Amino acid sequence: MKILVGISKSPDTTSKIAFTDNSTKFDENGVQYIVNPYDEWYALVRALELKETLGGTVTIVTVGAAADEAVIRKALAIGADEAVRIDADPKDAYYTAVQIAEYAKEKGFDLILTGKETINYNGSQVAGMIAESLDMPFVSLATKLDVNGSTLKLEKEYLGGIQEVEVGLPAVVSCAKGMAEQRIPNMRGIMAARTKPLTVIPAAQVDELISFTGYTMPPAKSAVKMISPDNMDELVSLLHNEAKVI
Amino acid sequence: MSVLVYINGVHGIGKNAFEAVTYGKKLGDVTVVTNGNVDDAALAKLGEYGASKILVDKSLNNADDQQLTKMIENAANQTGASTIVFVHDHIAKNVAPRLSVRLKAGLVSGAIALPDGDGTIKVNVFSGKAFGSVKVNTAKKIISLLPNSIQPENNGGSAAVESFSANAGDTKVKVLATKQPEGDIPLPEADLVVSAGRGLKGPENWGIVEDLAKALGAATACSRPVSDADWRPHHEHVGQTGIAIRPNLYIAAGISGAIQHLAGVNGSKTIVVINTDPEAPFFKAADYGVVGDAFEVLPRLTEAVKKFKASH
Ligand SMILES: Cc1cc2nc3c(=O)[nH]c(=O)nc-3n(C[C@H](O)[C@H](O)[C@H](O)COP(=O)(O)OP(=O)(O)OC[C@H]3O[C@@H](n4cnc5c(N)ncnc54)[C@H](O)[C@@H]3O)c2cc1C
Ligand SMILES: Nc1ncnc2c1ncn2[C@@H]1O[C@H](COP(=O)(O)O)[C@@H](O)[C@H]1O
């Protein structure tokens, strides 16, 4: 089984979110980047498990700059065989997806896995766009994935519940919690990652369909109003008269 | 301007559909395209919120996202729509990106507001910790609207319902089973949510959470350790790794308010926190706080809500 996993970076979840250049750019000052958790914990680990039971290869692909190679090496340390970096700024989801689709086009991947979303832009767009560009079926938010010959059997989150679906290969799947258990890279993996192939390929010419023009922070919360645990009537009355939510 | 709104009719037409139609109406003349075995009375209701025409393919019940994409593309071509609006749910998360590629139309994913004066549209970024303004560079636009972002407006209009042949091709994704919580209010759609965390100590204690939810007509939710321990079903888990919700009221009992939990709920209009620890970080994100034992405070709050409901 030949598997491709899309790996993106995201700011560590505890990073302070701030903007510079007149609120048009994310302030990277002091921000620690990690492998986007969904990509690492679910997509990549499930790909490795499939490789371990069925044989094959796991390739990771990142659309990003040279600075992202630290994050790529981390994913290699967890166990991917090789990495490809498409040398470009991942401007918007369409741009990113078409780059990945162009790379994957004639490589014969059986399965393309991504995380359910990046935690910075939370778009949940890239995987569906890859699928459409390659005319493949797509199953999103999968929480369980099993391979049965040339068919995939999956469970996915669906409108507050769960759906069981079946789809033929090749296919694109975005991975959510439940898919696999997080793996901690060991020393051997970290050493091996240093010498695993990391190929850099140039970007294709692709249009940007959207652009982010600026950012704002949510209005600051006014101070919390404390209510005595013995006076729930007051809370109800505030929720009705002041907050107007009940 | 011609606007096309996609509504999935398979599971019935709810509040989020009225929000999407209301949103579309503010942008132009709205045609709705929908699929599934949905009755005409429910469809007609969309007219009250501003749709002038409804195209429905009732035969398309278990459509996969490639079929839905084709159907919406066909409807967009037929109506000449320049803007296509989705409800940002699990269906839109598959279909809208595909449609964006097919139509080469810029996609605003997770919009939370109508376009600003300069035409940019606000979306949630960084797990709800900030907003981004998105400019669409293409003539055709796709907007996927986050639930609870706009107040539905019933203008008492009416819509012509026409049957529509989706011409969607074959299914590639076969649905074997769909398990949805029965009778409950789906969490992503809920206006009111009562949530609890590890402070509740065990699954056997959730009765007091459910009682309050029932008294309010609220959905229930939980923190991640609670669903990890199987105290509650996974679909109730909110936060960065669970689902993000934006209810009008979020009541959190026995939840510390870790940053990853807040990521899923900080879009709530009003937050009430009940915690024994006055230093719990959640109080910083709360509108109303109660320092107290959830085992005492929740039943008291339930009684107070019942009393209020009886007199209103
Ligand atoms: C990458 C990452 C992603 C994560 N994603 C999520 C996510 O999506 N959602 C999520 O929820 N968490 C997530 N977490 C976990 C998160 O960091 C917290 O560990 C978790 O939210 C804590 O859950 P809790 O508040 O229920 O439990 P605790 O932190 O144990 O807090 C329990 C609280 O209950 C209070 N309490 C105790 N007894 C009572 C009582 N009788 N009455 C009232 N209050 C009481 C305590 O004072 C305490 O504040 C994530 C963590 C990481 C690292
Ligand atoms: N720059 C990127 N390079 C490689 N994969 C990416 C990139 N951006 C997003 N992805 C993949 O697409 C998924 C969804 O991203 P998004 O649509 O941005 O929420 C992520 O979880 C990754 O697996």
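The values are calculated or read from the model by the stated rules, or taken from the named source; none is laboratory data. Everything numeric in this text was worked out from a predicted model, so none of it was measured. When we count neighbours, we look across all protein chains shown, and the Cβ atoms used for this are built from the backbone with ideal geometry, even at glycine. When the accessible area is computed, the model is the full protein with side chains, heavy atoms only, and any ligands, DNA or RNA have been set aside. Shrake-Rupley method; radii C 1.70, N 1.55, O 1.52, S 1.80 Å.
A few remarks follow.
Residue-wise test of (1) assigned to a strand (DSSP E or B); (2) buried (at least 22 other Cβ atoms within 10 Å of the Cβ); (3) more than 8 Å from chain A (Cβ to nearest Cβ).
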residue	(1), (2), (3)
B:A96	no, yes, no
B:P115	no, no, yes
B:N124	yes, yes, no
B:I142	yes, yes, yes
B:N155	no, no, yes
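- Residues being under 17 Å from B:L249 (Cβ atoms) and within 7 Å of chain B (Cβ to nearest Cβ) - total across segment A:222-238: 8
- Residues that are more than 10 Å from ligand 1 (Cβ to nearest atom) and open to solvent by 10 Å² or more (accessible area, probe 1.4 Å) number at least 3 in the following helices (runs of 4 or more DSSP H) confined to segment B:201-268: B:207-216.
- Counted residues, segment A:178-204 - those being open to solvent by 60 Å² or more (accessible area, probe 1.4 Å) and within 14 Å of chain B (Cβ to nearest Cβ): 2
- Residues (without any contact (Cβ under 8 Å) to a residue 60 or more places away in the chain and under 13 Å from B:S158 (Cα atoms)) located in segment B:30-47: B:V30, B:T31, B:A41, B:A42, B:K45
- Residues that are outside any helix (DSSP H, G or I) and under 14 Å from the mean Cα position of the chain (by Cα), drawn from segment B:13-36: B:I13, B:G14
- Verdict on A:I78 being without any contact (Cβ under 8 Å) to a residue 60 or more places away in the chain and more than 12 Å from every other protein chain (Cβ to nearest Cβ): no
- Any hit, segment B:162-172, residues being touching a Ser or Thr at 6+ places or on another chain (Cβ under 7 Å), aliphatic (A, V, I, L, M) and either under 22 Å from B:Y6 (Cα atoms) or outside the structural domain of B:A111 (by TED's automatic domain parsing) (or both): no
- Residue among B:A81, B:A92 that alone is open to solvent by less than 10 Å² (accessible area, probe 1.4 Å) and at pLDDT below 95: B:A92
- Residue tally, condition more than 7 Å from every other protein chain (Cβ to nearest Cβ), surrounded by fewer than 18 Cβ atoms within 10 Å (Cβ to Cβ) and more than 7 Å from ligand 1 (Cβ to nearest atom), over segment B:269-283: 3
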